[in-house]
Amino acid sequence: MRSRLQNSEIKNLLPAIIDLAKRAGEHILQVYKSEFEVTEKEDRSPLTEADLAAHNCIVAGLESLTPDIPVLSEESAKIPFSERQTWNRYWLVDPLDGTREFIKRNGEFTVNIALIDNHESVLGVIYVPVQGFSYYAARGEGAFKQSEGEAPAKISSKKWEGGTLKVAGSRSHRCDSLDSMLEKIGDYEIISMGSSLKSCLVAEGVVHIYPRFGPTSEWDTAAAQCVVEEAGGRITEMSFKPLRYNTKDSLLNPWFFVAGDQDIDWQQYIPDDDVVPLSRQTSKIKEKRRPV
């Protein structure tokens, strides 16, 4: 196994990655303000020229900044596992997370860049182009939110001390498993949001949890995982083992759970049918796969 990056090495990369995410955001906004066309990828999820413009910007920037670290992006994901499994360290990118929100023009889409080191997310940057602010974190350095022209503010997740549980939910879809979980909780409030912003709401303490009973890919969670963990929360499988990256041929995530309070036994609220092995979840994903 290749030696792990030192925390200081990771921290030193942050300013350049934040700047790169902002530059990608500028490309996205140029398209956002125009009349753009929407096409479909092989999995029937939407694709716009903004996705591709942001992808090209980020990949070029990363290859210039760290030419020895490979890049895996949603828009270049067909790299075989036989090649990927030789990587101990790589960039994992979702150049435009929330393409559906982009198409709806509701502003709830993000640029996501993560550094994966030995299967763990050790750096995460999430930029919100329309609002002009960033969430970012590096291993061991805490999590921050920064608006344009302002000093960064440290963020932390929220403890649940009883009362109404605030739950982040998808803007685009709902499922029976989530409804079953909410029924167990009883007293809850759903805050709907698009893209990786749902996980960011957990990181900054706006909501307590974000359960995801639906299809996602590794680039959807990687940047957010570092931010959430450095804010004091966690992103795990439904078995409550941390999500890990590039461990298998498929790049699909299992169902996952984002929690701000690590002291609560969240397992008691998970519907039994959804605490299943990854192989069965992957099978479910293939059966139910749809644009996200």
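All of the numbers you see were taken from the coordinates with simple rules; none came from a lab. Please read these numbers as outputs of a predicted model, since none were measured by experiment. Cβ sites come from the backbone with ideal geometry, for glycine too, and all protein chains shown count toward neighbours.
Helix 278-288 versus the longest principal axis of the chain: what is the Cα-based angle in degrees, 0 to 90, to the nearest 10? Here the helix axis deviates by roughly 80 degrees. Angle check, please: helix 7-32 long axis (alpha carbons) against the longest principal axis of the chain (alpha carbons), in degrees 0 to 90, nearest 10. So the inclination is approximately 90 degrees. For segment 1-103, chymotrypsin sites (Phe, Trp or Tyr not before Pro) are listed when DSSP marks them as loop and at most 15 other Cβ atoms sit within 10 Å of their Cβ; the list is Phe36.
Using alpha carbons only, how many degrees (0 to 90, rounded to 10) separate the axis of helix 49-65 from the longest principal axis of the chain? Taking the Cα atoms of the chain, the angle to 49-65 is about 70 degrees. When the Cα atoms of segment 87-149 are aligned to their principal axes, the ranges along those axes come out at 37, 27, 12 Å in descending order. The fraction of Cα-Cα pairs per 10 angstrom bin, counted from 0 for segment 3-83, comes to 15, 39, 32, 12, 2 percent, rounded to whole percents. For the pair Lys78 and Glu63, label points projected 7 Å from Cα toward Cβ lie 1.7 nm apart. At q = 0.13, 0.18, 0.20 Å⁻¹ the log10 of I(q)/I(0) for segment 165-288 amounts to -0.46, -0.93, -1.19, computed by Debye summation with a single uniform scatterer per C-alpha, solvent ignored.
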